[in-house]
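So the structure is just underneath, and the comments pick up after that.
The values are calculated or read from the model by the stated rules, or taken from the named source; none is laboratory data. It should be emphasised that the depicted structure is a prediction, and the values quoted were computed from it without experimental measurement. Neighbour counts are summed over all protein chains in view; Cβ atoms, including those assigned to glycine, are modelled from backbone coordinates with ideal geometry. We work out accessible area using only protein heavy atoms, side chains counted, and drop any ligands, DNA or RNA first. Shrake-Rupley method; radii C 1.70, N 1.55, O 1.52, S 1.80 Å.
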Amino acid sequence: MNLLNFRRFAIVLTLVWLGLFVLVPHVLVLLTSVMSPDAQHLAVWPLTLNSWERLFEPVYAEVFWRSLWLSTLTTVICLVLGYPFAYIVAKLPNVWRGVLLFLMIVPFWTNSLIRTYAIKLILGNKGLVNAALLGTGVVDEPLQLLYTPFAVVFGLVYVLLPFMVLPLVSSFDKLDSTLLEAAQDLGASFWARFRLIIVPLTMPGIIAGSLMVFLPAMGMFYVADLLGGAKNLLLGNIIKNQFLVVRDWPFGAAFSVALIVIMAGLLWLYFLANRRINRQGGLDDESL
Amino acid sequence: MKAFKWSFIIAIFAYLYLPIGILVINSFNASKYGYEWKGFTFEWYAKLWENEALTQAFLNSLLVASLAATAATLIGTLMALALHRYRFPLKATASSLLFIVMMSPDIVLAITFLVIFIALGIQLGFWSLLIAHITFCLPFVVITVYAQLKGFDKYLLEAAQDLGASESRIFRLIILPLVFPAIVAGWLLSFTLSLDDVIISSFVTGPSFEILPIRVFSMVKVGVSPEVNVLATLLLAISLFLVTLSTLLLRRKH
């Protein structure tokens, strides 16, 4: 292979793959959302905004708000747990740091669906938590934990916590500890150092982690299916139903595009914050 | 303070590992429902062996994860190289698209894949699943390899170029050995993501090619199946084995 061929091969492969399997599909979903549903051909002409109007029907608006609320709650809990955790891990000697980060990845190998199923055994009426509570006499009757919003958030935090921790750790890695020492020498309290130095400098990690938790959370239909029961559906359940069961593709697509719009808005905030902090972005940003 | 730190870390890992611990213990538990310990047994392992649909799905999952990881690593390395070394039209668009893939919630990616496969007339099954898995793993490989490429001495490449080495020769003899650790890391990450995926797989595979999450989903929705615990345990063991192997291989190389 001469220079031209190798270079051309790499470039063409990049453009064709990303164009065919990323760009075109996204455009097609956008297009589908304004087409008319059809049982046989999935989506047909003419163009219509019907599906978009249906998004605002009370029953769907309710799922939308519930998803937003549960995802926000999940993100906040992940941040509260993940932030100190990432800080501690980042400050450990290299060997420990590697081991702990490795241990964060290991659970993924048992497939998140199977792990979610195991949570049922913890939260169920005869599960671990209730057995402990009954055994110690804290309660007389098993608590209804499973099939509640609590169970859904418990499962979402469980599956998504590593996605919060990993960007935060790399953010803490980049944090210049001499800045903190200087602030301390100059008499800044822990709170002042935290608020004025640590949080602003790890902001890209906070935002990246929050996005990596918040956005997927709304789509995790299997967590809602297994732990939430019929009453605690997420956006993902609706999209899945519209595509795979009801087969109203335009309506499902409209839901997905709404999710993309939310994503775009949040990403835009992310870039603004990022630019303010280290004046770089896109692929060069290693906080992801 | 130190005690507090470690108890916090232990509490987090207890949370992450409790469900997995339960799966592993229950894979040897004689009780079918797994709420209490009723003695040690290999019964479920034997049951799994007889359950052909489930073992097939299990093997399919491993097959797709290894193939997707390998292909994503190959393609992703070339992409990272193209983005790092070459100038070409639409380069900024290409990196934005990779970024979109990384940030898009799985459910959105799942829809886009489903729509394009239907539009192209690709039958949902092995190939659609493989293409989808390769694509969602790509940005993670590109980021890892790209970071490594940025880190090494560019004069090395210029020297090679001045001495008349062809681009593919430079790639083979200089770039590849230098970014090898990143390539291995990218492969492992891809393998992990592919094996863990539920959402995208549910949309892009068909009855002709069933993989684990789809099979398990229908099983756990109707009732309890102890074979699932066995599968989880085996998956964990196999993955740990693969990682140990790759770490050892890497260590020998350096």
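Computed from the alpha carbon atoms alone, the convex hull of chain B holds 194 Å³ per residue. Here the label points at B:LEU248 and A:ALA131, each 7 Å from Cα along the C-beta direction, are separated by 3.6 nm in the simple model. Shielding value for B:192-200 is 5, the average number of Cβ atoms from other chains within 10 Å of each residue's Cβ. Normalised by the number of residues in chain B, the average gap of Cα pairs under 8 Å and 6 or more apart makes the relative contact order 32 percent.
Restriction of the chymotrypsin sites (Phe, Trp or Tyr not before Pro) in the range A:51-109 to DSSP coil positions whose beta-carbon has at most 10 other beta-carbons within 10 angstrom yields A:PHE56.
Each residue of the range B:80-86 was assigned a 3J(HN,Hα) from its phi angle through the Karplus expression (A = 6.51, B = -1.76, C = 1.60, θ = phi - 60°), giving 4, 4, 4, 5, 8, 9, 10 Hz with x at Gly and Pro. Mean per-residue shielding of peptide A:207-216 is 2, counting Cβ atoms of other chains within 10 Å of each Cβ.
Chains A and B together bury some 8400 Å² of accessible area, summed over both sides, with a 1.4 Å probe. What value, in deg cm²/dmol to 500, does the helix sum -39500 (n - 2.57) over DSSP H runs of n ≥ 4 give at 222 nm once divided by the residues of chain B? For chain B, the value works out to -26500 deg cm²/dmol.
Altogether, the Stokes-Einstein calculation at 4 °C and 1.567 mPa s, with the Kirkwood radius of the range A:58-279 over Cα pairs as Rh, returns a diffusion coefficient of 66 µm²/s. Taking the inverse of the mean reciprocal distance over all distinct Cα pairs, the Kirkwood hydrodynamic radius of the range A:174-243 comes to 15.2 Å. Taking θ as phi - 60° and the Karplus parameters 6.51, -1.76 and 1.60, the scalar couplings of the range A:95-108 work out to 5, 4, 4, x, 4, 5, 5, 4, 5, 6, 7, 3, x, 4 Hz in sequence order, x denoting glycine and proline. Of B:ALA132, B:ALA82, B:ALA57, the residue with the greatest mean-square motion in the GNM of chain B, using alpha carbon springs below 10 Å, is B:ALA82.
For chain A, what is the calculated [θ] at 222 nm in deg cm²/dmol (nearest 500), taking -39500 (n - 2.57) for each run of four or more DSSP H residues and dividing by its residue count? Calculated at 222 nm, the ellipticity per residue is -21500 deg cm²/dmol. Average projected area of the Cα convex hull of the range B:140-254, in nm²? Value for the range B:140-254: 10.1 nm². Peptides B:87-93, B:202-208 ordered by packing proxy, namely the average of other Cβ atoms within 10 Å per residue, highest first: B:202-208, B:87-93. In this structure the amide hydrogen of A:ASP38, modeled in the peptide plane, comes within under 5 Å of the amide hydrogens of A:ALA43, A:VAL44, A:TRP249, none closer than 5 places in sequence on its chain.
Need one word for the range B:1-88: rounded, prolate or oblate. Basis is the Cα gyration tensor (sqrt eigenvalues a ≥ b ≥ c); a/c below 1.5 gives rounded, then a/b vs b/c decides. Verdict is oblate for the range B:1-88.
Tell me, what is the FRET efficiency for B:SER66 and B:ILE122 to the nearest 0.05, using R0 = 25 angstrom and their Cβ-Cβ distance as r? Using R0 = 25 Å, I get an efficiency of 0.70. For the range B:1-40, a/c is not less than 1.5, where a ≥ b ≥ c are the root eigenvalues of the C-alpha gyration tensor, and a/b tops b/c. That puts it in the prolate class. Pairs from the table (A:LYS240/B:LYS221; A:LYS91/B:LYS5; B:LYS38/B:LYS221; A:LYS174/B:LYS2) lying more than 19 angstrom apart at Cα are B:LYS38/B:LYS221; A:LYS174/B:LYS2. Solvent-free Debye calculation, one equal scatterer per alpha-carbon of the protein assembly as shown: log10 I(q)/I(0) at 0.05, 0.07, 0.13 Å⁻¹ equals -0.21, -0.42, -1.47.
For the segment B:149-161, counting C-beta atoms of other chains within 10 Å of every residue's C-beta and taking the mean gives 0. Between A:GLU57 and A:VAL138, full extension at 0.36 nm per residue minus the direct alpha carbon distance yields a gain of 24.8 nm. Protein heavy-atom surface of the range B:83-142, 1.4 angstrom probe: 63% of the accessible area is carbon and sulfur, with nucleic acids and ligands not counted.
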